[in-house]
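Presented below is the structure to which this report refers.
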Amino acid sequence: MLVVICASLVTLAACAGHNPPADLLLAGGSTLDGTGEEAATADVAVAGDRIVFVGDAAAAEVEASDTLDVTGLVVTPGFIDMHSHAELETAHGRDARAFLYQGITSVALGVDGGGSAEVAARLSGWEEDGIGVNAFLFVGHNSVRAWVMGMEDRAPDAGELDEMRALVRQGMDEGAYGLSSGLFYLPGNYAETEEVIALNRVAAEYPGAIYDTHDRDLGAAYPPFGYLKSTAEGIRIGEEAGTKVIFSHFNAQGAHNYGRADEGAALIEAARARGVEVAGAHHSYTATQSNLRSYTIPGWAVEGGDTAMVRRFDHPDTVEIIDRQTREMLAIRGGADKLLFADRRPELNGRTLAEVADEWGMEAPAAARRILRDGNAAVMNLGLYDGENLRYLAGRDWMMTCTDGRDPGPSRPVTHPRAFGSFTKKIRDLVLDEGLLTLPYTVRSMTGLAADFLGWPERGYLRKGYLADITVVDLETLDDVATYENPHQYSRGTVHVLVNGVFAIRDGEATMALAGRPLVRGGATFDGR
């Protein structure tokens, strides 16, 4: 007598040894799993937010309620943006379409030293309002220094250093991935190396902590600290504190450093050889984007903040010194015609500093001061990076990928195209057009390599049991169409994107789903604590 009677279709299927149907089956795609291995034709099944099968679905009798034929397309893990400024709190940026259309499903924020210590509050906001991609945070050295010391150019006393330590500890307790620095920016530039090491030692108390640095001088700082000295400093801060290190948007800056990427890379590789976990990330553009004050006003003139800076502008002897040093700073950056405004002010947006100065009938330093009286301005520095350096670094096996970008919405018609095309451009230029890199290698730089560095046990690979962050692209149509003149154009060729098992893009159309999750250190989802 049968003890168990198969009385329903579902039960009959189970008795026959069949798997329960999945929610989605991506059938027949050329699958790159994130390891760097060559592509294999495989089906990928998703149930809920998980990948439940990778292989030959017909042979394994895997079925799904929704099957998409992706024959001729490339299926990869969702891409990880290791240095981002995505504006996930804004109405125009919450859905993250500029990133999703590149295949990006996760972004790092709180970088360049700007991350607040109030990590839980930001994670909670994302949890409550919804976000289009997964996102995680760093606590920033500049942020905690400004909170405790303002814009003072001096070393902290013992009490102030303890206050900064407490803020870093708060951020780490609330799920930050580590300490970020912007030693090129103020007030971070006022800090000595030992101060940053002391704060990074707090981060190092937490397993897997990372030191993420916009280092002090990629080659265009004023006064010069030194490209190689700066690289060595970043390594030292992580090595002495005991954290991993990642160099943000790593690439030597300035015409005087064209062709010198291998020298900085050699320092990183020497550190890796002695056991320091050091990595980098970069994008495939030769322009930077930052702010006018950092590019044109020496740090000493900003001590005490913007009000003190403007007072110095009004002192005839002091302003003469400022303008002389501004001219020296502009020379390092290639001149005032290389600074292109990406500012929300329409009289500036899309014009160079040289053009604005000519219209106003004044020298570039005076024009910069006039603009800064009304507030800092977003600006690109065209041609600061060298294509030869960029291509050399893309071939390093420790180099990940980033956008370093934000979609600022319609208020800035001209902005950096990197927020719209960085990942697509890397594949288009370096893989498909130039053949410099292989596709499996490049996809790994965007997926598994980053996940391993971040300590994520369930993302970054196409594996059974992993969370279903998945990107599907058509190499025949893949193209970054964003330009410096017309940047607000989404990448083409991204056919499907799933974030935690939910379609964010389907058949090339954004679904406007907010399926991203706020992530705490280790890759877990923020739980509202």
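The values are calculated or read from the model by the stated rules, or taken from the named source; none is laboratory data. The model shown is predicted, which means the values in this text are computed figures rather than measured ones. So basically every Cβ, Gly included, is an ideal-geometry build from the backbone, and we count neighbours across all protein chains shown. Ligands, DNA and RNA are stripped out before the accessible areas are found, and what is left, the full protein with its side chains, is counted by its heavy atoms. Shrake-Rupley method; radii C 1.70, N 1.55, O 1.52, S 1.80 Å.
Quick look at the numbers
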| item | result |
| --- | --- |
| Count of residues meeting criterion [among the β-branched types (Val, Ile, Thr), surrounded by 18 or more Cβ atoms within 10 Å (Cβ to Cβ) and either out of contact with any helix residue (DSSP H, G or I) (no Cβ under 6 Å at 6 or more places or on another chain) or under 15 Å from Gly219 (Cβ atoms) (or both)] in region 320-335 | 1 |
| Checklist (1) open to solvent by 20 Å² or more (accessible area, probe 1.4 Å); (2) at pLDDT 95 or above applied to Pro365, failing item | (1) |
| Residue match in region 447-457 (condition: in contact with a Ser or Thr (Cβ under 9 Å, 6 or more places away or on another chain), within 15 Å of Tyr490 (Cβ to Cβ) and touching a residue at least 12 places away in the same chain (Cβ under 8 Å)) | no |
| Extreme residue, nearest to the chain's Cα centre (by Cα), among residues of region 316-346 that are closer than 29 Å to Trp147 by Cβ and in a loop (DSSP other than H, G, I, E, B) | Ala342 |
| Failed condition for Arg311, given (1) within 27 Å of His488 (Cβ to Cβ); (2) open to solvent by 20 Å² or more (accessible area, probe 1.4 Å) | (1) |
| Candidates Gly93, Gly114 - the one that is open to solvent by 40 Å² or more (accessible area, probe 1.4 Å), within 22 Å of Thr415 (Cα to Cα), part of a loop (DSSP other than H, G, I, E, B) and touching a residue at least 24 places away in the same chain (Cβ under 8 Å) | Gly114 |
| Residue in region 417-435 that is outside any strand (DSSP E or B), without any contact (Cβ under 8 Å) to a residue 60 or more places away in the chain, surrounded by fewer than 22 Cβ atoms within 10 Å (Cβ to Cβ) and within 18 Å of the chain's Cα centre (by Cα) present | no |
| Only one of Asp49, Asp23 that is open to solvent by 20 Å² or more (accessible area, probe 1.4 Å), modelled with pLDDT of 95 or more and over 25 Å from the mean Cα position of the chain (by Cα) | Asp23 |
| Odd one out for Gly36 among (1) out of contact with any Phe, Trp or Tyr (no Cβ under 6 Å at 6 or more places or on another chain); (2) closer than 18 Å to Tyr466 by Cα; (3) touching a residue at least 24 places away in the same chain (Cβ under 8 Å) | (1) |
| Scope region 211-226; condition hydrophobic (A, V, I, L, M, F, W, C) and touching a residue at least 24 places away in the same chain (Cβ under 8 Å); matching residues | Leu218, Ala220, Ala221 |
